[in-house]
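Working notes, beginning with the structure itself.
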Amino acid sequence: MTTTTTTITTDPHPLLTRLRRDGFVILSSLLSPEELASLRGAAARLTTTARTGAWPHVRTVGKQFPPWDASLVARGEAGIWGVQHLLHPDLPCAREDRDEFVRLYFHPRLLAVAGELLQVSDGNVNGDGHGDGDDDGDDRSGGMMMELLNMLVRPSGPGAEKPFALRWHRDDIPPTATPEEELARLKTESGRQAYVHTQWNLPLFDDDSLIVVPGSHARARTEAERNADPYEDNMPGQVVVRLKAGDCVFYDNNILHRGVYYGERERMTLHGSVGHAKGSKERARNVLQHGVGEWVDRCDFSVLGDGKERRTAEGLRKRLVELGRENQGKDVGYSLEG
């Protein structure tokens, strides 16, 4: 009698596998109902304040990429479609609301997923290069780095009377790039490059604004994509990313994507990113273009207590402070313009 043994191989990094294959991965119900309710309250109050022009860090209707002129909002000449820098120490809201955004950015579930996608071991999630004593000390990753936390909101005010949409784009590759230039910057399947950052959207209300072309993060654009209208409503292969409140989508920011905004639907979608310390040169332009390096050292994370969660946050902050110092006085420019 011949005995056949079947070996079942379990993928140790299923989320990373899906991200590499599709360019995005969705997690359902990342937030509890209680967390969702608290964040909705904080987000609503901040959005109301930002619409008055009282916060200079906003995204103005009619302009897709930074820099944005917030004075237009204060003068009543433009509406907003986004609020920037939710971790900023001067955010014009109550301390309790700022604390909600801090808890969200350093949420253990969010960082656990980011750690898998960036291939950072659990013991090194605090980003200090040494772990917290829970691993074997073999640190090949270098640690995670704090980046951005913003919010995408329903367009309102001047300019929002008509449907508002973003053109098809990759976040860090201009549309003028040749196929060869695109491939040199992308995470290609053949190269299997490690990710140096991960980006996510977490809606506080059901959201179907993000549209992507699966797999486009790993290849140059096709001729059809290059020749398409920048606001093409039916790009070949496109998928609408449908999220329930409290879900979260992590995606490669160089996947071909666009956003479509509906003025009649409430939208408060938290939009964040986490970096890898080894990607500092690549990330300097994408992160520091938003000015975060000017204030990150003043952030207050005391709501996280004095334990592991706080040490994790301080480790991620430390890496961003170092990135800012390395590029102090340098003009890092903007990834995209318009």
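The values are calculated or read from the model by the stated rules, or taken from the named source; none is laboratory data. If you're wondering where the values come from, they're calculated on a predicted model, not measured in any experiment. So basically every Cβ, Gly included, is an ideal-geometry build from the backbone, and we count neighbours across all protein chains shown. Each accessible area value is taken on the protein alone, full model and side chains, heavy atoms only, with ligands, DNA and RNA left out. Shrake-Rupley method; radii C 1.70, N 1.55, O 1.52, S 1.80 Å.
Heavy-atom accessible surface of region 1-112, averaged per residue, reaches 50 Å², computed with a 1.4 Å probe. Here each label is just a point 7 Å from Cα along the line to Cβ, and for residue 96 and residue 239 those points are 4.0 nm apart.
Remark: region 144-160, residue by residue, has Karplus-estimated 3J(HN,Hα) of 8, 9, 4, 10, 10, 9, 10, 9, 9, 10, 4, x, 8, x, x, x, 9 Hz, where x stands for each Gly or Pro and the curve is 6.51 cos²θ - 1.76 cosθ + 1.60 at θ = phi - 60°.
So which of 162/278; 244/318; 162/244; 244/308 end up more than 32 Å apart by C-alpha?
Violating the 32 Å Cα-Cα cut-off are 162/278; 244/318.
Converting phi to 3J(HN,Hα) with the Karplus coefficients 6.51, -1.76 and 1.60 and the offset θ = phi - 60°, region 221-234 yields 5, 6, 4, 5, 5, 5, 8, 6, 4, x, 10, 3, 7, 9 Hz in sequence order, with x at every glycine or proline.
Using a 1.4 Å probe on the protein chains only, how many percent of the accessible area of region 26-85 belongs to carbon and sulfur? Carbon and sulfur together cover 56 percent of it. Solvent exposure of region 182-254 amounts to 42 Å² per residue of accessible area, where only protein heavy atoms count and the probe is 1.4 Å.
With distances taken between every two different alpha-carbon atoms, region 140-259 has a Kirkwood hydrodynamic radius of 16.1 Å. Computed from phi, the 3J(HN,Hα) profile of region 238-250 under the Karplus parametrisation 6.51, -1.76, 1.60 (θ = phi - 60°) reads 5, 9, 7, 7, 9, 10, 8, 4, x, 6, 8, 10, 9 Hz, with x in place of Gly and Pro. Once backbone amide H atoms are built at 1.01 Å from N, residue 268 has 204, 205 as its partners under 5 Å, excluding neighbours fewer than 5 places away on the same chain. Under a 5 Å amide H cut-off, with hydrogens placed 1.01 Å from N, residue 156 pairs with 80 among residues at least 5 apart or on other chains.
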